[in-house]
Amino acid sequence: MTTAEQEYDVIVLGAGSTGENVADIAARGGLSTVLVESELVGGECSYWACMPSKALLRGSEVLAEARAVQGAAAAVTGEQDAAATLDRRDGFTHHWDDASQAEWVESSGIALVRGQGRLAGEKRVAVTRDDGTELVLLARHAVAVCTGSRAAVPPVEGLADVQPWTPREATSAKEAPGRLLVLGGGYVGSEMATAWQQLGSSVTLLQRGPRLLPNVEPAAGEAVAESLRGLGVDVRLGSEVRAARREDGGDVVLTTADGEFRGDEVLVAVGRAANTDEIGLDTVGLEPGRYLDVDESLQVPGVPWLYGVGDVNGRQQLTHMGKYQARQAGAAIVARARGEQVDLADWSPFVATADRRATPSVVFTDPQVASVGMTTAQAADAGVPHRVVEYPIGSVAGASLFADGYSGTAIAVVDTEREVLLGVTFVGSGVAELLHSATIAVVGEVPISRLWHAVPSYPTISEIWLRLLETYRG
Ligand SMILES: Cc1cc2nc3c(=O)[nH]c(=O)nc-3n(C[C@H](O)[C@H](O)[C@H](O)COP(=O)(O)OP(=O)(O)OC[C@H]3O[C@@H](n4cnc5c(N)ncnc54)[C@H](O)[C@@H]3O)c2cc1C
Ligand SMILES: NC(=O)c1ccc[n+]([C@@H]2O[C@H](COP(=O)([O-])OP(=O)(O)OC[C@H]3O[C@@H](n4cnc5c(N)ncnc54)[C@H](O)[C@@H]3O)[C@@H](O)[C@H]2O)c1
C-alpha cells in the first residue's frame, strides 16, 4: 500500500462541534488547517445529543406551557403527534447526513479528510481513509485532539450482552418502545425519561444515588423527580442494578436489591468515557483510554504541540464549553505559531477560566434546571465564606402570568467577603433564557451593590433578581 504525506500548520482530529471551532479559529488566524473525521462532521451534538434530544422534548414542553394557562388550555384537546415530533427531530439531524456541515468546512478554507486518525509520533497523524488508503499528515505547529466521548457502560453482569440503548439510540429511535428502562438519573437519564414518557413509552428510571441530577442543587433533582412521577414515570432512587439479561421473548430484565424490572429496551446513561483508546497516544508517551490532561490553554503538559479540547479532556462535557475551549485553544495555537507570548493568567484570551469558575448549563426537563457557577455544596467544599439565598419564582408577577400555579425556585450563592455572586440556579418553567443574566453577573463579578441597579422589567420572570437581592440585603 502506498502512503501519501501532506503537511499543514494545524491538524485537528475529530470534527465535532469542538474540532470544527478549533479549525475555524486556526484557519481565520492564517494557518493551513486540516480536519480529520471518522463519522459525521458535526459530531454527537448535531446527530445524537443536543439537537435531536431537544427536538424530542420541545413538543411536550409547548403543550405543558399551554395547559398551564387558563383559556389556552381549552385549545389543547388532543395528544402530541409522536410521529410528527420524530419527523421534526429527523429534520434537525438532516436525516444523519452531514453534507451541509462538510460544505461549511470546505467553504471556510479548511481541508477535510474522512477516515480514522491516530497519532504516529511527534506532530504526525496517520489516517486510514474511508476507501482503505493510508494518509500521513504532518503538523508544522499543532495537533488538536477533539475526539470527544462515548457512553460509558458500567461493568454490570450481562449488561453489554442485552445490547442496551446508549444516548445514540435514545436520540435516534424511530418509534417509542412500549416499556423503557433508564439506568442513570443524570442529564441524559432525566431528559430522555421526560421525552419518551410523553412520546408514548412507559418509563422506569433507576438512579443509584439518593436523588436525580446529583451535581446541581438538591432542590432541582427533587423537583424533577416529582414532576417525572406526575407524568407517570416510575422513579426509583437508591437503586443499584446488579445484573441484566434479555429473555427469549425479547424482554430486558434488570435485577436490583428491590426486585426485577422489565422493559422492551434499556437506556444506559451513567456518564461518558473518553475517546482516547485508539488514537495513538502511546506513540507520544501518553496513556490511552483516559481523559487527556491539559493546562488552562488546553495544551498537554510536556507535549507543547499537542492540545486536548472538548469532551476528550473531561473538564466540562457541554457543547458550548467545548466551543469556548476551542476559541481559547485556537487563539493560543495561532499566537504560539506567530511566536507571540501566551498569557496563562485567569480570564486571558488564551485560557478556559470559565470551565472552573462559571460554567452554565441547562437541563431541559420539566421544570428546566438552569445553573451557573458554584452550588451551595461546592462553595462549602471550597471553604469560601458564603450565604445562600432562595426565593420561590412563582411569587413574582411575571411567573404568575407565565403559568397558573407556577412553581419554581431560585437559589443564589453569594461570596460574603467580596459581595459577588459565586453561583445561581433557577428551577422552573422557561428559566433557560434567564440563565445568561446570571452568567454575566458571575463572570463579571458584578458587586451586589451595583447589581441592585440592574432593574428587571415588570412583569417578567427576571424580577426574581430583585427578590433575590432584597432577600440577601434583608
Ligand atoms: C443525549 C445527550 C444530550 C446532550 N445535550 C446537550 C445539550 O443540550 N447542551 C450541551 O451543551 N451539551 C449537550 N450534550 C453534550 C454534548 O453533546 C457534548 O459535550 C459535545 O458533543 C462534545 O463535542 P466534542 O466535539 O468535544 O465531541 P464529539 O461531539 O464527540 O465529537 C468528536 C468527533 O471526533 C470524531 N472522532 C473520534 N475519534 C476519531 C478518530 N480517531 N479519527 C477521526 N475522528 C474521530 C467523532 O466521530 C466525532 O465526530 C449532550 C450529550 C448527550 C449524550
Ligand atoms: N442539557 C444538557 O446540557 C445535557 C444533556 C445531556 C447530557 N449532557 C452532558 O453529557 C454528560 C453525560 O450525561 P449522563 O447523563 O450520561 O451523565 P451524568 O454524569 O450527568 O449522570 C450520570 C448519572 O448516572 C448515575 N449512575 C452512575 N452509575 C450508575 C449505575 N451503575 N446505576 C445507576 N445510576 C448510575 C449517577 O449517579 C448520575 O446521576 C453530562 O454530564 C453533561 O455534561 C448535557
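For R140 paired with L231, estimate the spin-label separation in nm (one decimal), with each label point 7 Å from Cα along the Cα-to-Cβ line.
Distance between label points: 5.2 nm.
What list of ³J(HN,Hα) couplings, whole Hz, do you get for the stretch 128-136 from phi and the Karplus terms 6.51, -1.76, 1.60, once you set θ to phi - 60° and write x for glycine and proline?
Computed from phi, the couplings for the stretch 128-136 are 8, 6, 4, 8, x, 7, 9, 9, 9 Hz.
Only Lys, Arg, Asp and Glu count, each charged at its Cβ (+1, +1, -1, -1), so figure out the dipole size of the chain about its Cα centre, rounded to 20 debye.
Numbers: 38 positive and 62 negative charges, 163 e Å.
Value, rounded to 20: 780 debye.
So, counting K/R as plus one and D/E as minus one, what does the shell of residues with Cβ under 13 Å around E37 add up to?
Its environment carries a net charge of -4.
What is the sum of charges around L237, taking Lys and Arg as +1, Asp and Glu as -1, for the other residues whose C-beta is under 9 Å from the C-beta of L237?
Values: positive: R208, R211, R236; negative: none.
Cβ neighbours under 9 Å give a net charge of +3.
Taking trypsin sites (Lys or Arg not before Pro) as exposed when DSSP calls them loop (any state but H, G, I, E, B) and at most 15 other Cβ atoms lie within 10 Å, what is the longest stretch of the chain free of them, the sites themselves excluded?
Numbers: sites that count: K174, R290, R338, R418.
Free of exposed loop sites, the longest segment is 1-173.
Would you please classify the overall shape of the chain from the alpha carbon gyration tensor, given that a ≥ b ≥ c denote the square roots of the eigenvalues, rounded means a/c under 1.5, and beyond that prolate means a/b larger than b/c while oblate covers the rest?
Values: a/c = 1.83, a/b = 1.23, b/c = 1.48.
Taking the square roots of the gyration eigenvalues as a ≥ b ≥ c, the chain is oblate.
Considering only DSSP beta bridges with both partners in the chain, what is the antiparallel share in %, to the nearest 5? Write down the numbers at each step before the final one.
Numbers: 49 of 85 bridges.
Of all bridge pairs located within the chain, approximately 60 percent are antiparallel.
Note down the net charge around I25, summing +1 for each Lys or Arg and -1 for each Asp or Glu among other residues with Cβ under 15 Å from its Cβ.
Numbers: positive: R28, K323, R327, R336, R338; negative: D9, E20, D24, E340.
Combined, the nearby Lys, Arg, Asp and Glu give +1.
Please report the spacing between the Cα centers of the stretch 139-201 and the stretch 226-266 in Å, no decimals.
Taking the Cα centre of each part, the stretch 139-201 and the stretch 226-266 sit 16 Å apart.
Starting from the Cα gyration tensor of the stretch 100-143, take the square roots of the eigenvalues, sort them a ≥ b ≥ c, and report rounded, prolate or oblate (rounded when a/c is under 1.5, otherwise prolate if a/b is larger than b/c, else oblate). Mind dumping the intermediate values first?
Details: a/c = 3.07, a/b = 1.34, b/c = 2.28.
Oblate, since a/c reaches 1.5 and b/c is not below a/b.
Looking at the stretch 244-349, which GluC sites (Glu not before Pro) are DSSP coil and have at most 16 other C-beta atoms within 10 Å of their C-beta?
Numbers: sites: E247, E260, E265, E278, E296, E340; in loops: E247, E278, E296, E340.
Counting only loop positions with at most 16 other Cβ atoms within 10 Å, the GluC sites (Glu not before Pro) in the stretch 244-349 are E247, E278, E340.
Taking other Cβ within 10 Å of each residue's Cβ, how do M321, M374 sort, fewest first?
On the way: M321 20, M374 25.
Ascending Cβ contact count within 10 Å gives the list M321, M374.
Kindly write out, for the stretch 406-419 in residue order, the coupling ³J(HN,Hα) from the Karplus curve 6.51 cos²θ - 1.76 cosθ + 1.60 (θ = phi - 60°), rounded to whole Hz, with x marking Gly and Pro.
3, 10, x, 9, 10, 10, 10, 10, 10, 6, 6, 7, 9, 6
Could you check what % of the DSSP bridge pairs in the stretch 152-271 are antiparallel, to the nearest 5? Walk me through the numbers on the way to the answer.
Values: 10 of 24 bridges.
Bridges in the stretch 152-271 are about 40 percent antiparallel.
Run down the lysines and flag those whose C-alpha is under 28 Å from the C-alpha of K123, throwing out any fewer than 8 positions away in its chain.
K323
Loop-only check: which chymotrypsin sites (Phe, Trp or Tyr not before Pro) in the stretch 308-356 are DSSP coil with at most 14 other Cβ within 10 angstrom? Mind showing how you got there, number by number?
Working: sites: Y324, W347, F350; in loops: W347, F350.
The qualifying sites are W347.
Pull up all non-local amide H partners of L112: gap of 5 or more, or a different chain, and H-to-H distance under 5 Å with H placed in the peptide plane.
Under 5 Å from the amide H of L112 lie the amide H atoms of L35, each far enough along the sequence or on another chain.
Quick one: Karplus J couplings for the stretch 238-254, per residue in order, coefficients 6.51, -1.76, 1.60, θ = phi - 60°, nearest Hz, x for Gly and Pro?
x, 10, 9, 7, 9, 7, 9, 8, 10, 8, 4, x, x, 5, 8, 10, 10
Normalised by the residues of the chain, what does the relative contact order come to in percent, with Cα pairs under 8 Å and at least six apart? Please report the intermediate quantities before stating the final value.
Numbers: 1025 pairs, mean separation 67.3, N = 474.
14 percent.
Considering amide H positions built from the backbone, and no H for Pro or chain starts, which residues 5 or more places from Q368, or on another chain, come under 5 Å of its amide H?
G428, S429, G430, V431
List the DSSP H helices in the chain whose Cα atoms stretch 24 Å or more along the helix axis and whose mean Kyte-Doolittle hydropathy is at least 0.5.
On the way: long enough: 50-67 (25 Å, 0.11); 319-337 (26 Å, -0.24).
Helices meeting the criterion: none.
Amide H to amide H, which residues 5 or more places from T256 or on other chains are under 5 Å from it, using H placed in the peptide plane?
R242, F261
Can you give me the convex hull volume of the Cα atoms of the stretch 1-146, divided per residue and expressed in Å³?
Values: hull volume 18.2 nm³, N = 146.
About 125 Å³ per residue, rounded to a whole number.
Sort 6-13, 75-82, 103-110, 428-435 by the packing proxy (mean of other Cβ within 10 Å over each peptide's residues), most packed first. Numbers along the way, then the final one.
Details: 6-13: 23.9, 75-82: 11.5, 103-110: 15.1, 428-435: 20.4.
In descending order of packing, they fall as 6-13, 428-435, 103-110, 75-82.
Coordinate-derived values only; no laboratory data. Predicted, not measured: the structure shown is a model, and the values here were computed from it. All Cβ positions, glycine included, derive from the backbone under ideal geometry; neighbour counts span all protein chains shown.
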